[in-house]
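Here is the structure we will look at.
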């Protein structure tokens, strides 16, 4: 599916959504930054966001955390992988399903952009996030220091 088709698909889903909150997508995976996906309230206040970027672009970025590079390098299978990062849900909206909805949209974007998998790094002590990502279908593949690498294989 072409990027333009994907944007129209997302917009149509948003217009059909009866949820008082909405998802807004900015940029695309072809840019250096990738997609920023935001969950917004009725008055357009951000309650959550996630960024999804081509993993190889991140690995070539000098600003990318060396520990995160090591986790991915030790995993090995880096081709055609999207990397989800900078995941935030405002505290009062946590554990209400918004993070799950937000990330499901990232999964759709990655699938329709031709990626085979999504990687994410989660701190070992962040049990709520680990549980949410396991619920989505992520599997832990590598551990180093205080971080774990999780991978979701896309169908």
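Laboratory data are not the source of any read-out in this text; all were calculated from the coordinates shown. What you see is a predicted model, and the numbers here were worked out from it, not measured in a lab. Don't worry about glycine lacking a Cβ; one is built from the backbone with ideal geometry, like all the others, and counts go over all protein chains shown.
Once the Cβ-Cβ distance between residue 141 and residue 88 is put in as r, and R0 is 22 Å, what FRET efficiency do you end up with, to the nearest 0.05? The partial results should precede the final answer.
Numbers: r = 24 Å, r/R0 = 1.07.
Efficiency, from the Cβ-Cβ distance: 0.40.
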Debye intensity ratio in log₁₀ form over the Cα atoms of the range 49-127, taken at each q of 0.22 Å⁻¹: -1.10
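What FRET efficiency would be calculated for the residue pair residue 73, residue 96, taking the C-beta separation as r and a Förster radius of 35 Å, to the nearest 0.05? The partial results should precede the final answer.
Working: r = 36 Å, r/R0 = 1.02.
Calculated transfer efficiency: 0.45.
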Pair residue 124, residue 62: separation of 7 Å Cα→Cβ label points (nm): 3.2
